[in-house]
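Please treat every number below as a calculation from the coordinates, not as lab data. What you see is a predicted model; the values in this text were computed from it and never measured. With ideal geometry, Cβ positions are generated from the backbone for all residues, glycine too; neighbour counts draw on all protein chains shown.
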Amino acid sequence: MSDLPPVYGGRILHVHLDEGESDIQTIDPADARRFLGGNGFAAKAVHEHVPVDADPFDPENVLAFTVGPMNGTPFQSTSRGVVGFINPQTNSFFDSTFGGTFPRAQKTTGFEAVVLHGSADDLSYVHVDENGAEVVPAVDLAGLDTYETCATVRSRVAEGDDDENVHAIAAGPAGENLVRFACLLHDSEMREGVAGRGGAGAVLGSKNVKAVAVEEGEFRPDPADADLRSLAGGRMGPLMAETEMLQEYGTSGLVNPINEMGKLGRRNNRAEQAPNADAETISGERLREAYVTEDTTCANCAVACGKHVTVEGDGVTDAKIPEFESLFATATMTDVFDVERVIKANDRCDRLGMDTISWGVTVAFARECYDEGLLSDDDSPHLAFGDADGLVELARQTAHREGFGDRLAAGSFRLAAELDDEADRYLHGVKGLEFAAHSPCGLKGMSIGYATATRGGSHHDTRPTLQYDGEHDETTEGTPEFAARTQHFTALGDSLTQCRFVSEAGWGKRVTGRYRDAINAATGWDLSTDEVERIGERIYNLERLINVERGVARRETDTLSHRVMHDPIPDGPAEGMYCPPEELDAMLDEYYAFRGWDDDGVPTTERLDALDMAELAD
């Protein structure tokens with residue numbers, strides 16, 4: 001461990017839930033240089049410990065909570081943590097990031113990763129401190145929402161003392177009920193952090209664990225070079241200038257501009273633009289004017305893009321503001337523009353512990369199936385587009401698996417499999433995961449990016465930001481390489497770990513010398529910019545390798561939904577745009593060639609060897 005840079009605590013904690021015991025592993029310094037931390041350590045833990053034939057709900061699946069070398073340093077907004085696992089929706093690798101204060105607290109324990117194995121005998125929570133972990137039976141937590149669970153667990157760990165040094169992340173009833181897109185929510189004194197996508201809450205629920213609590217320890221990272229502080233200080237001006245919209249409105253400020261581009265899905269993506277008056281009712285401007293009560297922020301972040309909202313007389317007080325992705329999924333996709341009902345539905349999802357994107361898009365899919373006669377009032381009375389009260393009720397039913405909510409809890413792809421073959425035409429997602437808000441029809445980079453994403457329909461692989469600035473939005477020329485290199489960028493950023501908004505606004509939207517200089521100042525290494533990008537490439541190849549070995553990643557799965565490939569956007573500024581099969585096929589050829597993968601999309605031995613990871617394919 002002496003060869004590890006002092007920004008690393010240098011340890012991995014393995015918690016064996018069935019035995020109630022834990023053991024500590026020392027991090028190999030070579031692995032730190034190869035995989036950095038965060039996302040890289042999560043992918044390595046999943047590859048090392050989860051059998052390729054394990055079901056996501058089997059005890060053999062793991063949940064790996066990881067942090068990066070920059071957590072707790074002057075590098076801005078390295079307040080995020082990662083949880084890695086096999087996704088119950090896709091049966092593939094997934095890592096979900098979250099902010100707040102939990103990741104910073106985990107870093108102080110010296111554990112770069114906390115890996116949960118097995119399943120507890122009784123409903124429990126896991127208490128982690130710098131000495132190890134205790135699995136604490138807590139059957140009385142059953143049924144509590146995420147906020148209630150976090151508060152209760154923090155109080156118990158603190159044993160009546162001030163609980164400000166205890167930080168918890170929890171599943172809600174949806175996780176206990178194995179809703180496949182159940183999320184985890186971390187409630188802190190600063191801002192909520194949500195590990196939203198991929199079903200982490202369901203995996204935690206399958207392990208009979210309600211929450212994980214971290215008690216702060218004594219470890220403090222020590223950057224190798226004091227220049228890290230001056231490097232960070234030098235980026236504050238550009239960072240604050242580039243995030244003015246986020247400071248004012250949070251991500252909800254994206255509703256109006258993206259709708260004006262004609263690239264905001266509506267009515268289950270039948271169209272990609274709402275009337276301006278409708279979009280305005282759910283916009284960041286409207287939310288700020290009428291409902292925002294305070295700004296909130298993650299640890300070590302000056303942007304304060306979080307907001308709390310209150311709906312008077314509706315039991316919604318200091319709720320987390322619906323993010324842009326949530327407004328897309330629960331409002332425009334379901335055709336609900338009653339902003340107070342949308343806020344209520346999102347607050348229910350947060351408290352019950354559900355990913356608002358997958359849930360909202362699944363509801364939108366069901367509503368189109370109802371429109372097309374594949375579902376009826378006998379299935380549910382809440383399936384008409386625009387039913388605002390029904391939206392709120394479906395959130396409750398889904399989390400508790402009541403009535404039609406039991407079918408929604410499986411996600412849109414499994415619901416489609418129950419219905420007529422025609423239902424596949426209305427799916428909006430890929431590889432079992434519903435698409436995020438960024439249009440795979442209107443943005444060519446997202447077309448190839450979603451198709452090759454290791455996570456499925458996630459916007460955290462290929463990034464849309466540069467595309468909204470006009471790069472690779474309407475051309476396929478060079479776009480496969482662009483998608484691959486932004487996938488390197490996101491894998492690197494999630495391994496540092498740094499907030500994506502701060503990375504893009506303050507440090508650059510591609511892997512550049514700025515990231516090289518910061519990493520070298522923190523670690524004392526002497527990496528080149530190319531070597532820094534290779535870290536991201538290595539991690540992405542490891543994620544792909546996990547999926548290949550599980551039998552869920554090949555050329556035939558690198559595809560897009562029917563509507564994206566066959567139905568051009570019907571009207572608006574992006575009218576006529578889509579990604580026909582022959583266009584996608586040509587981009588896949590170019591993408592695989594750039595990556596050094598074979599024609600079926602499998603990383604070659606030669607490429608893995610060049611990335612110093614050939615032994616992982618054994």
Which of S283, S96 has the fewest Cβ neighbours within 10 Å, and the rest in rising order: S283, S96
Region 141-278: Cα Rg divided by the 2.2 N^0.38 Å rule of thumb: 1.43
Convex hull of the chain built on C-alpha atoms - directionally averaged projected area, nm²: 24.4
14 Å cut-off, amide nitrogen to a point 7 angstrom out along D318 Cα→Cβ, residues in region 265-305: 293-297
Among 461-470, 287-296, the order from most to least packed when residues are scored by Cβ within 10 Å on average: 461-470, 287-296
Residue-count net charge about Q89 - beta-carbon cut-off 13 Å; Lys, Arg +1, Asp, Glu -1: +2
Residue exposure sequence - V511, V361 - by fewest surrounding Cβ within 10 Å: V511, V361
Ascending count of other beta-carbon atoms within 10 Å, so fewest first, for D318, D567, D618: D618, D318, D567
Among T101, G40, V62 the positive-end extreme of the charge dipole of region 11-215 (Cβ point charges): G40
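If you take every residue apart from G386 with its C-beta less than 12 Å away from the C-beta of G386, what net charge results, scoring Lys and Arg +1 and Asp and Glu -1?
Numbers: positive: R266, R267, R341, R367; negative: D278, D335, D338, D371, D387, D389.
With Lys, Arg at +1 and Asp, Glu at -1, the net is -2.
With the contact rule set at Cα under 8 Å and sequence spacing of 6 or more, what percent relative contact order holds for region 488-564?
Computed value for region 488-564: 33 percent relative contact order.
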Euclidean distance of C-alpha centroids, region 592-615 and region 497-530, integer Å: 25
Residue among W359, C369, H382 farthest towards the positive dipole end of region 354-396, charges placed on Cβ: W359
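First measure r as the distance between the Cβ atoms of E164 and E418, then evaluate 1/(1 + (r/R0)^6) with R0 = 51 Å and state the FRET efficiency to the nearest 0.05.
E(calc), rounded to 0.05, equals 0.60.
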Net +/- balance of residues flanking D377 in space, Cβ distance below 13 Å, scoring K and R +1, D and E -1: -3
Nitroxide proxy distance, nm - points 7 Å out along Cα→Cβ at E582 and S376: 4.3
FRET efficiency estimate (nearest 0.05) - Cβ-Cβ, D598 to I24, R0 35 angstrom: 0.35
